[in-house]
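Each remark here refers to the structure printed beneath this line.
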Amino acid sequence: MKIEATTAKAYQLVHDGILALARAERQGIRIDTEYCEQKIQHLTRKIQYLEKKLEDTKFYRHWQHIYGRKTNIHSNHQLSRILYKDMKIEPLKMTGKGVQGATDEAALEQINIPELKTILEIRKLAKIKDTYLGAFLREASDGYIHPFFNLHTVKTHRSSSSCPNFQNVPKRDKEALKICRRALFPRPGHMLVEADFSSIEVMLSCCYSKDPTMINYVKNKKSDMHLDMAKQIFIFDKLDKNVPAHAILRQAAKNAFVFPQFYGDYYGNNVKGLADWVKLPQSRWKSGMGVELPDGRYISDHLSTQGIRSFDKFTEHLKGVENDFWNNRFKVYNAWRKAWVAEYRKKGYLKMLTGFICSGIMGKNEIMNYPIQGTAFHCLLKTFILLDEAMRKEQWDTKLIGQIHDSIIMDVNPNEFEHVQLTAHKIVKEELPALWNWINVPLNIEIDVYGVDQSWVKPITS
DNA sequence: GGAACTCGCCAC
DNA sequence: AAACGTGGCGAGTTCC
């Protein structure tokens, strides 16, 4: 696919953006190579130990019996054959291209063979060692890595990063986070600072759709879309998000319903994710199942009082929630979606608020997601450009060093921190809305600060 | 022996 | 009726 800017204002943004990003690439990110080397050795030994442990099992000997000298526990192709052909286990899901049984984490967890846990553990450690620490070392030069930030590779006009990819360093898995991010440091006496746009894709959904309900959700600090959805999905009149059990319901609604729905998913998939979150099985429910509620009851008992006693009944309920979500709660957004898709089908291309054009054959979900994703990134990019401008004009010692779609990573001189923070806020709250009159909601950033001379592991704020 | 593919997995 | 968007990258495998 050919990716180009296509209008004058889009071209200008890419032009300025490339230059600002190139300056960040040139600065680079400080890396502790000694740590990487030591940690790689440590992980290698750990992996060797797990491999030895595996080799001492019946499961492995069986594998060896089939593959002989070619036996390779890192081969998912071999593993798929062993499990699904040889041991005749019924595969619960197939791989993406659909020809063999899947051997990903979700699939292996469903199979009751203890050796598979060891394989998963090896996979996780190998990923950390090879994809992250190994790549950091390979790319390190004089104590710095210089990841590329590309603006010409992505269909949605977002960015990508490579050599190494700075945009996928582990964060969710706390162990992986600690090991990988411990390698990256600020310059001596400086601190790493990360400025994240708050819910930027929701903001852009407001800009495109002008949906009043959605706008109210992001403007009104007391309202909470995910909590409201949790109430509706799990049928509660009241939920307090500060109660841990309620916080889980809110997270479930957010991650297994709201986000997937905006990406184009449907209730039949969402219901599985929701059941996972609240630990309910995909079958009939009995008393005492699932997560515990603050009053000591379990979620299955609560739903039972609402007439929902099985996964199937819950699915039916969720179908109603989905219908209400699009035809009632966010009906203006839904109308925009329909009109937006119709317009693309008439013209054969779509044009973003920032002037970028996407053409080619697209499905419904792509037509809806591209403008949101692309334009959200353009807010980040313009902010990056303006920060870079201020930095050079005022000769900051602080440096811009990277970007992850909706966040900017800086290497900050502590004496300049207050000023940098003020400048960033001024850009997103005042300059951006003044520049782009289609911004109809308040943009905001959250700032995370890491300690002076400390790695990228744990922010000392927020 | 390298290119191109699949699979799995990390991020937003 | 159908049904989750965007990337990069390592290892294994297959093709030429």
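Just so you know, all these numbers are worked out from the coordinates, no wet-lab data involved. What you are looking at is a predicted structure, and each value in this text was computed from that prediction instead of being measured. Note that each Cβ is placed from the backbone with ideal geometry, even for glycine, and that neighbours are counted across all protein chains shown.
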* Tell me, what is the FRET efficiency for residue A:251 and residue A:42 to the nearest 0.05, using R0 = 35 angstrom and their Cβ-Cβ distance as r? -> 0.55
* Determine the relative contact order of region A:34-139: mean sequence separation of Cα pairs under 8 Å and six or more apart, normalised by residue count, in whole percent. => 35 percent
* Structure fact -> At 20 °C in a medium of viscosity 1.002 mPa s, region A:1-130 has a Stokes-Einstein diffusion coefficient, with Rh taken as the Kirkwood radius over alpha carbon pairs, in µm² per second, of 115 µm²/s
* Structure fact -> Here FRET efficiency (C-beta to C-beta, residue A:75 to residue A:437, R₀ 60 Å, nearest 0.05) is 0.60
* To do: In whole Å, largest first, what are the principal axis extents of the Cα atoms in chain A?
  => 67, 57, 49
* Can you list the chymotrypsin sites (Phe, Trp or Tyr not before Pro) in region A:253-324 that are in a DSSP coil and have 12 or fewer other beta carbons within 10 angstrom? -> A:266
* **Two-site label geometry, residue A:419 and residue A:11: point separation in nm, points 7 Å out along Cα→Cβ** => 3.6 nm
* Structure fact -> FRET efficiency for residue A:269 and residue A:65 from the Cβ-Cβ distance with R0 = 30 Å, rounded to 0.05, comes out at 0.15
* So how strong a dipole does chain A carry about its Cα centre when Lys and Arg Cβ are +1 and Asp and Glu Cβ are -1, to the nearest 20 debye? -> 1420 debye
* To do: First select every other residue whose beta carbon is under 12 angstrom from the beta carbon of residue A:76; then total the charges, Lys and Arg +1, Asp and Glu -1.
  => 0
* **Given chain A, longest segment not containing exposed loop GluC sites (Glu not before Pro) (DSSP; at most 13 other Cβ within 10 Å)** => A:5-393
* Asked: Which shape class applies to region A:285-417: rounded if a/c is under 1.5, otherwise prolate when a/b exceeds b/c and oblate if not, where a ≥ b ≥ c are the square roots of the Cα gyration tensor eigenvalues?
  -> oblate
* Any idea how far the Cα center of region A:385-462 sits from the one of region A:6-60, in Å? -> 23 Å
* Structure fact -> Summing -39500 (n - 2.57) over every DSSP H run of at least 4 residues in chain A and dividing by its residue count gives a helix-only mean residue ellipticity at 222 nm, to the nearest 500 deg cm²/dmol, of -15000 deg cm²/dmol
* **Difference of contour (0.36 nm per residue) and Cα-Cα distance, residue A:154 to residue A:328** => 59.2 nm
* Asked: How long is the gain from residue A:221 to residue A:171 if the chain were fully straight, where each residue apart is worth 0.36 nm and the alpha carbon distance is subtracted?
  -> 15.3 nm
* To do: Could you sort out which of A:178/A:279; A:222/A:382; A:9/A:382; A:174/A:458; A:272/A:313; A:124/A:272 sit more than 21 Å apart by Cα distance in this structure?
  => A:178/A:279; A:222/A:382; A:124/A:272
* What fraction of the Cα pairs in region A:224-329, stated in percent, has a spacing above 19 angstrom? -> 36 percent
* Asked: How large is the charge dipole for region A:34-139, taken about the Cα centre, if only the Cβ atoms of Lys, Arg (+1) and Asp, Glu (-1) carry charge, to the nearest 20 debye?
  -> 280 debye
